[in-house]
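Working notes, structure below.
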Amino acid sequence: MDVNGLKARFFEVFVGEKEEAVKLFFSPGRINLIGEHIDYNGGFVFPAAITFGTYAVVTPRTDGKVALYSGNFEADGIIEFELTDLARKGDESWSVYVKGVIDVFVKAGYEVTKGFNAYIEGTIPNGAGLSSSASLEVLVGLILEDLNGLSVSGIDKAKLGQKAENEYVGVNCGIMDQFAIAMGKLDKAIKLNTDTLAYEYADCDLKDYQVLIMNTNKQRELADSKYNERRGECDAALELLQSKAEIAYLCDLNVAEFEAISAVLVEANLFKRAKHAVTENERVKLAIAALASGDLVAFGQLLNQSHISLRDDYEVTGLELDTIVELAWAQEGTLGARMTGAGFGGCAIALVHKDKLDEVREAIALGYQEKIGYEAEFYVASIGDGAHKL
């Protein structure tokens with residue numbers, strides 16, 4: 001993204017602002033290499049920040065107002081609200097994430113008194129499942145910290161972003177997306193225990209392979225999807241399993257322990273949802289070990305197994321994601337592929353040899369167009385730093 005171009009667009013929208021007052025911020029999107037739909041089940045996840053993300057050009061105001069403009073949603077024009085009136089209105093669009101973060105900061109005791117003008121533009125495809133909402137939430141936390149002279153750790157910015165999404169927006173997401181975005185590091189993935197938030201960075205050495213992001217172009221809104229329904233099913237399964245074992249989360253069980261007590265899950269859906277959580281948690285640990293030892297073939301096979309579990313046991317894939325992943329599996333040069341994100345559309349990732357990248361991309365694009373009737377989009381992911389001031 002051309003920073004000078006961003007600033008020029010800011011001055012077109014906010015006429016008369018002073019050049020010397022301008023501040024620039026960036027917050028990435030994320031991919032999750034493996035560990036899907038277990039960040040709210042106490043499991044391990046393995047995400048990384050990517051170089052696609054959300055940019056903000058900001059100037060402070062003195063009147064307690066916030067004025068927002070998005071280069072991605074220009075038809076919405078300038079959206080304004082007062083810092084003293086953060087109640088959610090019924091017809092809000094993307095600005096709900098901004099208001100939500102400000103609201104949770106204030107309720108957490110942070111003194112947020114500085115309004116601001118912000119031109120916001122993202123390079124994350126909307127609805128693609130690369131966490132554009134979490135990227136925006138962490139971005140707003142960074143802006144509030146800077147303008148108001150606050151000291152907020154990366155982990156706290158992640159927690160407050162998650163709280164905004166849970167309590168203000170109404171999507172019952174886990175902590176993974178905001179954590180990866182706030183805490184990401186160049187060329188590192190994060191092994192994160194979503195129960196304790198203990199984490200460690202792992203070198204993401206993919207040797208001659210690259211991560212191909214495959215966007216199905218089937219958009220889904222998390223709040224309108226079956227995301228909350230799946231979380232409810234996990235909670236119901238957990239409650240039944242707690243009658244047999246002292247556990248706080250589904251992922252407190254290993255595979256053998258789950259199999260020993262799973263008969264209590266009489267309802268097929270509850271059994272399948274819990275089985276996915278337990279086996280996916282195991283796959284994350286195996287995948288991290290495979291990557292550390294340089295065994296990319298084993299790593300790729302675990303990606304495949306993850307997708308099959310998300311398709312058959314968690315049932316969050318659908319025709320578009322299954323089609324694009326199966327096409328990737330069929331290509332020479334692909335070690336593994338799986339959906340990433342919440343599912344129900346959005347993106348998948350494939351681990352593809354760099355010499356075969358163009359060939360694989362073309363074959364998947366052709367097959368997807370033929371079967372689905374519209375085009376997919378493709379990006380090669382680079383793993384980058386977490387949210388920061390530019």
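The values are calculated or read from the model by the stated rules, or taken from the named source; none is laboratory data. Given the structure is predicted, the values throughout are model-derived calculations rather than measurements. A quick note on method: Cβ atoms are made from the backbone with ideal geometry, for glycine too, and the neighbour counts reach across all protein chains shown.
Miscellaneous remarks
- Test for PHE116: is it farther than 24 Å from ARG9 by Cα and at pLDDT 95 or above: no
- From the options ILE213, ILE181, residue that is in a strand (DSSP E or B) and either touching a residue at least 12 places away in the same chain (Cβ under 8 Å) or more than 22 Å from VAL138 (Cα to Cα) (or both): ILE213
- Of all positions in the range 340-354, none carries a residue that is more than 18 Å from ARG311 (Cα to Cα) and assigned to a loop (DSSP other than H, G, I, E, B).
- For the range 191-201, the condition of being assigned to a strand (DSSP E or B) and acidic (Asp, Glu) holds for at least one residue.
- Pairs, first farther than 17 Å from HIS37 by Cβ and of a type outside the set (Asp, Glu) in the range 226-248, second at pLDDT below 95 and not in a helix (DSSP H, G or I), C-beta under 9 Å, six or more apart: ILE247/GLY42; ALA248/GLY42; ALA248/ASP195
- Considering ASN126, ASN148, the condition of being modelled with pLDDT under 95 and surrounded by fewer than 20 Cβ atoms within 10 Å (Cβ to Cβ) is satisfied by ASN126 alone.
So that you can scan it fast, the table gives a plain yes or no per residue for (1) in contact with a helix residue (DSSP H, G or I) (Cβ under 7 Å, 6 or more places away or on another chain); (2) of a type in the set (Val, Ile, Thr):
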{"position": "LYS226", "(1), (2)": "no, no"}
{"position": "ARG231", "(1), (2)": "no, no"}
{"position": "LEU240", "(1), (2)": "yes, no"}
{"position": "ILE247", "(1), (2)": "yes, yes"}
{"position": "ALA263", "(1), (2)": "no, no"}
{"position": "ALA268", "(1), (2)": "no, no"}
{"position": "ALA292", "(1), (2)": "no, no"}
{"position": "PHE299", "(1), (2)": "yes, no"}
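- Near pairs, Cβ below 8 angstrom, 6+ apart or cross-chain, from the range 367-390 (assigned to a strand (DSSP E or B)) to any residue that is at pLDDT 95 or above and of a type in the set (Asp, Glu): LYS389/ASP146
- Scoring SER151 on the criteria (1) without any contact (Cβ under 8 Å) to a residue 12 or more places away in the chain; (2) among the polar types (S, T, N, Q); (3) within 30 Å of ASP358 (Cα to Cα) leaves a single failure, condition (3).
- In the range 40-66, residue nearest to SER382 (Cα to Cα) [restricted to those that are among the small types (Gly, Ala, Ser) and surrounded by fewer than 24 Cβ atoms within 10 Å (Cβ to Cβ)]: GLY42
- Listed here are the strands (runs of 3 or more DSSP E) enclosed by the range 1-98 that have at least 2 residues being over 25 Å from LEU192 (Cβ atoms) and among the charged types (D, E, K, R): 79-82.
- Residue in the range 354-370 that is among the basic types (Lys, Arg) and over 16 Å from GLU326 (Cα atoms) present: yes
- Number of residues in the range 153-170 that are outside any helix (DSSP H, G or I) and either of a type in the set (Asp, Glu) or crowded, with 20+ Cβ neighbours inside 10 Å (or both): the value is 0.
- Scanning the range 276-295 for residues that are in contact (Cβ under 8 Å) with a residue 24 or more places away in the chain and over 13 Å from ASP203 (Cβ atoms) returns HIS276, ALA277, VAL278, THR279, GLU280, ASN281, GLU282, ARG283, VAL284, LYS285, ALA287.
- For GLY384, the criteria (1) within 25 Å of PHE44 (Cβ to Cβ); (2) touching a helix residue (DSSP H, G or I) at 6+ places or on another chain (Cβ under 6 Å) hold in every case but one, which is (2).
- Flag for GLY336 being of a type outside the set (Phe, Trp, Tyr), buried (at least 24 other Cβ atoms within 10 Å of the Cβ) and either outside any helix (DSSP H, G or I) or modelled with pLDDT of 95 or more (or both): yes
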